[in-house]
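The values are calculated or read from the model by the stated rules, or taken from the named source; none is laboratory data. Computed from a predicted structure; not experimentally measured. Cβ atoms come from the backbone with ideal geometry, glycine included; neighbour counts cover every protein chain shown. SASA here: full protein model, heavy atoms, side chains in, ligands and nucleic acids out. Shrake-Rupley method; radii C 1.70, N 1.55, O 1.52, S 1.80 Å.
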Amino acid sequence: MNLPPLQLNEKFADSMHEHIDALIGSFPEESVRELPSEWAERKRILPGGLTSVPGKFSFDITPYLREILDCMAPTSSVQEVYLMKAPQVGGTVGVIENHEGYCIDYGIGPVLYVGGDQTMAEEQMEKRVDEMISSAGLQGKIRPNVVKAKGKSTGDRMDSKSYGGTFMRAVGPNSEGKLRSFPAMIGHFDEMDVWPQTIIKGKINTGNTYQKALRRMDAYEDRRKVFGLSTPKQKLTSFIEPLFEEGDKRYYNWECPDCKVPQPFVWSQMKWEKNELGNVNIQYTTINGVQTLANNPVWFECVNCGRKIHEHEKFDLLLEEGHGGTAKWIPTKKPDRPFLQTYHVNAFYGRRRWLNIVLQWDRSKDDPFLLPDFVNDVLAETWQERMEQPDMHELMRNAEGWEPGYINRDVVFLGLMADIQGDRIEAGVVGFGRNRQYWFIDYWPFEGETINIESECWKKLDEKITSTYTRADGVEMHVQIAFIDSQYHKDQVIAFCDQYDYHPEVVSGVYPIRGFEQIDAGKTTKLQSSDIKTPIVALADQKLKRALYSTLRKKPYTEGFPFGYMHFPGKGPNAFGAEFYKQLTAEEVFVTTRKNGQKIVTIENRKQRRNEVLDIAKLALGIYQFAIDRYFDIENEKRKLQKRKPLQQDNEIFISAMEAALYGDDYTPPDQPAAPDPDHAESA
């Protein structure tokens with residue numbers, strides 16, 4: 001019987017051929033005995049344009065990475081390796097790039113690199129892998145680019161490299177087609193905590209992103225090697241933390257020079273000298289006309305004997321066992337499955353100065369906008385939102401003995417917020433001072449037809465914006481920044497804001513506001529173009545709500561108030577009543593699951609309660625964050641022209657500048673030390 005020839009779909013045939021080629025090419029050209037770490041120190045050259053330590057690669061800079069890289073050797077029994085890390089500790093360069101060069105040199109593959117997104121994946125291949133190939137002398141190993149039928153090409157491409165009978169491909173985590181298009185023996189998973197939780201194709205949820213990538217290696221079973229790393233982000237959505245917990249949770253231990261007790265660097269043992277105000281005690285001196293640090297106020301305290309470990313001792317202590325030192329990785333549990341090792345590296349191991357880390361802690365410890373970055377980027381831990389709906393009755397009890405309209409001596413600048421409704425405008429004035437404190441000075445409803453810009457309610461709002469306010473000590477003040485919500489009657493809001501001058505070089509203005517669920521990574525405020533000279537200010541709505549609820553849960557001390565405290569008037573016939581506080585706490589906290597499976601904490605008004613006061617208070621936090629963002633953007637533009645290092649956001653530097661603007665340039669805040677300049681801190 002004659003059977004018809006087997007007809008293969010062209011796309012299927014291409015995939016089959018690629019699969020067979022990959023299987024054949026997965027066997028190295030020779031028996032590999034050299035470890036990846038030995039290869040890296042023998043062949044890798046780091047170019048000056050891509051690293052702060054150019055020249056011949058050496059694990060003397062990052063000794064904690066040697067063991068991690070060698071887990072990826074063909075002779076190692078380890079199949080999966082995961083690293084939960086701080087930024088800039090060498091993970092991508094020291095492990096992923098070195099292993100990719102090793103695979104190219106020895107013809108090991110296929111390799112799948114999954115970046116934070118498709119653009120990041122292609123940039124990694126184009127800017128870093130190409131440079132590594134060139135500097136390590138591997139260009140001759142890469143097959144030249146060949147264009148095939150229908151414009152397809154193989155060989156040396158932006159998103160893939162063919163070598164030694166196999167290949168390496170770079171893809172983004174949100175491409176279901178690219179993730180499933182070919183098998184891989186080696187998986188390099190980069191910045192996993194910015195991956196989407198699931199891949200959405202059209203309206204179909206095709207599955208968990210990490211599992212999709214991992215399944216590409218099923219054909220290789222015992223020969224597969226997976227390395228994943230990430231700086232952790234939100235606990236609810238983290239890929240790297242659960243994987244770290246499943247493994248043996250290794251920490252890099254060094255020995256105390258005195259008592260010889262092994263221990264890792266941990267935040268709880270970081271200590272520093274403090275001045276009379278509780279800040280880091282930084283002393284300056286002048287050498288040849290240049291101001292520099294005269295002391296080193298930060299140290300690590302041994303958990304056993306209390307010996308002070310100073311930063312200049314760190315790199316000798318970190319040299320690993322068998323390579324000139326005694327440090328080593330120590331597992332803290334049995335892995336949940338075989339052939340899995342996991343590692344943790346915080347920022348204290350990297351090249352960032354301990355003093356700068358402590359200064360960041362001083363800036364962020366009480367700031368709901370900055371603290372998550374410290375937890376993620378310094379401690380290399382996930383951030384978990386602790387969200388609870390504030391108690392309106394407790395807020396009423398904590399109201400203070402002053403009347404609405406009273407402006408405390410500690411108020412440095414004023415902001416006005418307005419929420420536009422169909423039949424009224426709700427508005428409030430808040431004062432801002434040191435330690436990011438807020439004083440809710442007054443609140444008004446202005447009734448009228450808001451669709452008519454000539455209505456009395458708009459005139460009353462203008463009066464409040466342009467009024468002169470008098471502080472308790474007689475200092476006259478004006479509203480520095482006004483935010484007008486443009487969600488309702490956008491055209492009228494834009495026209496209203498157009499009446500006021502806009503000066504982009506100063507921190508002031510009357511701005512239309514738009515709310516967004518998410519703005520550029522980590523940002524709370526962003527300027528957007530509008531039809532008038534004044535730009536629209538976009539605000540991260542949920543981020544501000546979370547910050548507001550965190551602020552409202554703060555409690556006064558026996559003497560004084562915590563950083564970020566919001567004060568309310570509790571005296572006189574016009575003191576805010578129960579309805580005010582009911583609206584202030586109207587929205588509830590929910591854990592929401594998005595289409596892609598990502599879980600997030602949200603604060604929502606699902607019961608449609610009146611919440612104008614909450615919106616006004618939220619805008620107040622937005623004004624402060626916008627003001628500090630604008631101030632440092634303007635200042636850093638000047639520093640860029642002067643070829644000076646940029647300033648990091650610092651509340652004390654900012655509020656001192658605002659106070660100087662109020663009193664004049666000669667003003668020096670009483671009992672306030674000068675905030676350290678990063679130029680000086682960097683010279684520690």
In segment 373-409, which residues are in contact with a strand residue (DSSP E or B) (Cβ under 7 Å, 6 or more places away or on another chain) and farther than 30 Å from THR231 by Cα?
ALA399, GLU400, TRP402, GLU403, PRO404, GLY405, TYR406, ILE407, ASN408
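Looking at LYS618, LYS571 in this structure, which one is on the phi < 0 side of the Ramachandran plot and open to solvent by less than 30 Å² (accessible area, probe 1.4 Å)? Let's see the steps before the verdict.
Details: LYS571 fails: open to solvent by less than 30 Å² (accessible area, probe 1.4 Å).
Just one listed residue meets the conditions, LYS618.
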Which numbered condition TRP267 fails, given (1) at pLDDT 85 or above; (2) in contact with a Pro (Cβ under 8 Å, 6 or more places away or on another chain)
(2)
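Results for (1) in contact with a Pro (Cβ under 9 Å, 6 or more places away or on another chain); (2) among the hydroxyl-bearing types (Ser, Thr, Tyr); (3) in a helix (DSSP H, G or I), shown as yes or no for each residue.
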| residue | (1), (2), (3) |
| --- | --- |
| ILE532 | yes, no, no |
| TYR557 | no, yes, no |
| PHE561 | no, no, no |
| GLY564 | yes, no, no |
Within 26 Å of ILE628 (Cβ to Cβ) and without any contact (Cβ under 8 Å) to a residue 12 or more places away in the chain: which single residue out of VAL412, VAL375 fits that description?
VAL375
Looking at (1) at pLDDT 95 or above; (2) open to solvent by 10 Å² or more (accessible area, probe 1.4 Å); (3) not acidic (Asp, Glu), which is the one condition that is false for ARG216?
(1)
Subset of segment 60-75, residues in contact with a strand residue (DSSP E or B) (Cβ under 8 Å, 6 or more places away or on another chain) and open to solvent by less than 30 Å² (accessible area, probe 1.4 Å), comes to PRO63, TYR64, ARG66, ILE68, CYS71, MET72
Hits in segment 304-359 (condition: open to solvent by 80 Å² or more (accessible area, probe 1.4 Å) and either in contact with a Pro (Cβ under 8 Å, 6 or more places away or on another chain) or not basic (Lys, Arg) (or both)):
ASN304, HIS312, ASP316, GLU321, HIS323, LYS328, THR332, ASP336, PRO338, PHE339
Please state which of the following conditions LEU229 fails to meet, knowing it meets all the rest: (1) modelled with pLDDT of 85 or more; (2) exposed (fewer than 14 other Cβ atoms within 10 Å of the Cβ); (3) not β-branched (Val, Ile, Thr).
(2)
Turns out the helices (runs of 4 or more DSSP H) fully within segment 56-172 with at least 1 residues that are farther than 29 Å from PHE339 by Cβ are 118-123, 130-135
So in segment 424-454, with the set limited to residues that are out of contact with any helix residue (DSSP H, G or I) (no Cβ under 9 Å at 6 or more places or on another chain) and over 19 Å from ALA660 (Cα atoms), which one is surrounded by the fewest Cβ atoms within 10 Å (Cβ to Cβ)?
GLU454
Being surrounded by fewer than 20 Cβ atoms within 10 Å (Cβ to Cβ) and charged (D, E, K, R) is the filter here, so list the residues in segment 467-501 that pass it.
ARG471, ASP473, GLU476, LYS490, ASP491, ASP498, ASP501
For PHE182, all conditions in the list (1) modelled with pLDDT of 85 or more; (2) over 29 Å from ALA347 (Cα atoms); (3) in contact with a His (Cβ under 7 Å, 6 or more places away or on another chain) hold save one; what is the number of the exception?
(1)
Hits in segment 245-263 - residues which are in contact (Cβ under 8 Å) with a residue 60 or more places away in the chain, in a loop (DSSP other than H, G, I, E, B) and closer than 22 Å to GLY350 by Cβ:
GLY247, LYS249, PRO257
What pairs can you find where one residue is in segment 509-524 and farther than 23 Å from ASP377 by Cα and modelled with pLDDT of 90 or more, the other is of a type in the set (Gly, Ala, Ser) and in a loop (DSSP other than H, G, I, E, B), and their Cβ atoms are less than 8 Å apart, with a gap of 6+ or different chains?
PRO512/SER486; PRO512/SER530; ILE513/SER486; ARG514/SER486
If you check every pair at least six apart or on different chains, which have Cβ atoms under 8 Å apart with a residue in segment 581-599 that is open to solvent by 40 Å² or more (accessible area, probe 1.4 Å) first and a residue that is of a type in the set (Lys, Arg) and at pLDDT below 85 second?
VAL591/LYS599; THR593/LYS599
Scan segment 109-132 for residues that are open to solvent by 10 Å² or more (accessible area, probe 1.4 Å), over 26 Å from the mean Cα position of the chain (by Cα) and under 20 Å from VAL226 (Cβ atoms) and jot them down.
none
List pairs: first residue in segment 184-195 and more than 7 Å from TYR113 (Cα to Cα), second residue of a type in the set (D, E, K, R) and part of a strand (DSSP E or B) anywhere in the structure, Cβ distance under 6 angstrom, at least six positions apart or on different chains.
ILE186/LYS225
